[in-house]
Amino acid sequence: MSSSNKVFFGELFDAASGSYKSYINGQWLRSCSNKVVTITNPATRKEEFKVQACTREEIDAAYEGCTEAQKIWRQVPLWKRAEALRKVASVLREQRDTIAECLVNEIAKARKDSLSEVDRSADLIEYCAEEGIRLLSKGDFLTSDAFKGTDRTKLCLSSRVPLGNVLCIPPFNYPVNLAVSKIAPALISGNAVLVKPPTQGAVSGLHLAQCFDKAGVFPKGLVNFVTVRASENGDYLAEHPSNNCLSFTGGDVGLSLAKKVGMIPIQMELGGKDACIVCSDADLDLAAKHIIKGGFSYSGQRCTAVKVVLVEGEVADQLIEKVLGGVNKLTVGMPDDNCNITPVISETSANFIEKLVMDAKEKGAKFLTEYRREGNLIWPCLLDHVRPDMDIAWEEPFGPVLPIMRVSNTDQAVEHANKNRVALQSCVFTKDIEKAIKISDSVQSGTVQINGAPARGPDHFPFQGFRDSGIGSQGIANSIGMMTKTKTTVINLNSPSFTV
Ligand code: G3H
């Protein structure tokens, strides 16, 4: 971190407790709880940062700030809201090195990927400003005479209005990008936001908060970043009567939150067991390239990572040879060295991955690479002859482990893909476009990629999962839609307005 960045970000830090402050009501706050949450560096496995464990009273204060600020913000002209977002994007770009440094140390994301996450986030904010102007300036106009038996005596004007306060809960794997993918649509729509950063990724999130603060263009209280112990206060945040909307990305905890929040719009993405179907007529070089990138980017810790390969038996050996060649070239090591495979997020996560690998081993999977682990660092692991009775056939390892299942035909592949509990995305490789479309129509997942690996981006594309993978659709336009509601004004006339 350069010395100028230290000065810029200095106010975030509470020297007395050695911890980062929360951002509530436009102030950097040391919690009255006198409790902190520690963040362990996944690579060194040593304590890296501490953040405040805020209290319920502080959460109440943040929501009060939101409510008051939103009353002002919803009246700010749309073009000014867009301008404010562009200002944040520009501050974020200035701070890319500092924030990337936090990502490297908090979530062990390779430095180049950490920098890309920050750049992508600034791009997303700018796109959202433009899209918001286009979408929110439009409305509908209806006349009553379209309905049988009614004269033209009522004119109905519809527009989109903000919901109020949006609770944003991003995950550890994109603590900046998946935070702004929630915050930017909320703000352009005229809402206030309360962000609960993930524990790993909280400091990156607080540095992002400071970009909003330093932009100097938002009413105090409009944007809040509150760190809490999720086990103590996660439900309190979500169930709060001042919460008008929840945008959540994370794990199964989302299922229970969805039941608790009551009658507010929710948008959730809870992971994916993304299947990759490789047909016998596929371009195997292309498929292998996408499987390697899709399966092992950020060490497989993406909800859109390829999590099971379903290959037609007649081309399985050829495909595997190509995939294995690429996997053997992946570099393994520390995020600072820009390695392809870096330590996974925590020891708990590494243990879970290992359990899946050992289960597959006991049940007879063939190891194409030697299983190796040092601390949280797991070498890329490619498993062949995986069968449905192995846990790895169904569970998301969220790590650098890729199971391959040989199938007799594409019907069998589709059948397996459709039994996945978390059906976020899937992909199919074939040179036959008709076959690709038939498979796409049969696979029940939020997105089917043809001849490309699953991916959320570009960030204006719709993004959604089926079954337990989520609810609602994300992507910039869909998020703006979800974070607003329709409001109509009806003009009643004494006599029909005109006759043609
Ligand atoms: O981990 C979940 C993310 O939404 C995946 O995003 O496809 O850009 O890596 P990505």
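For the reader, a short list of remarks on this structure follows.
- Protection proxy ranking of 246-256, 33-43 - average other beta-carbon atoms within 10 Å, highest first: 246-256, 33-43
- Shown is the FRET efficiency for Asp391 and Ser495, computed with R0 = 45 Å from the Cβ-Cβ distance and rounded to the nearest 0.05: 0.05.
- Given their separation in residues at 0.36 nm each and the Cα-Cα distance between them, Lys80 and Asp359 gain 94.8 nm when the chain is fully extended.
- Leading residue at positive end of dipole, the chain (Cβ point charges), from Val278, Gln200, Ile264: Ile264
- FRET efficiency for Arg93 and Asp140, using Cβ-Cβ distance with R0 set to 45 Å, rounded to 0.05: 0.75
- Using the average count of surrounding beta-carbon atoms within 10 Å as a protection proxy, the listed peptides 300-306, 146-152, 446-452 rank, highest first, as 300-306, 446-452, 146-152.
- Most positive-pole-ward Cα, Val401, Ala350, Ala316, against dipole of segment 274-450 from beta carbon charges: Ala350
- Here the simple spin-label model places points 7 Å from the Cα toward Cβ, and for Asp151 and Asn338 these points are separated by 7.4 nm.
- Placing +1 on each Lys and Arg Cβ and -1 on each Asp and Glu Cβ, with no other charges, gives the chain a dipole about its Cα centre of roughly 1220 debye.
- Solvent-accessible area per residue for segment 54-102 (1.4 angstrom probe, square angstrom): 47
- Distance between modelled label sites at Glu232 and Arg467, nm, 7 Å Cα→Cβ extension: 3.8
- Glu47 paired with Thr348, simple spin-label distance in nm, labels 7 Å along Cα-to-beta-carbon: 1.8
- If the segment from Lys485 to Asn409 were pulled out straight at 0.36 nm per residue, it would be longer than the present Cα-Cα gap by 22.8 nm.
- Gap separating the Cα centres of segment 423-461 and segment 88-104, nearest whole Å: 33
- Solvent-accessible area, 1.4 Å probe, carbon plus sulfur percent, for the chain: 51
- Between His460 and Glu321, the contour length at 0.36 nm per residue exceeds the alpha carbon distance by 46.5 nm.
- The spacing between segment 134-157 and segment 22-54, judged by their C-alpha centroids, is 52 Å.
- Backbone N under 19 Å from the Glu68 label point (7 Å along Cα→Cβ), restricted to segment 187-204: 191-195
- Whole-number percent relative contact order across the chain, with pairs defined as alpha carbons under 8 Å at least 6 apart: 17
The values are calculated or read from the model by the stated rules, or taken from the named source; none is laboratory data. What you are looking at is a predicted structure, and each value in this text was computed from that prediction instead of being measured. Don't worry about glycine lacking a Cβ; one is built from the backbone with ideal geometry, like all the others, and counts go over all protein chains shown. Areas reflect the complete protein model, heavy atoms only, side chains present, ligands, DNA and RNA absent. Shrake-Rupley method; radii C 1.70, N 1.55, O 1.52, S 1.80 Å.
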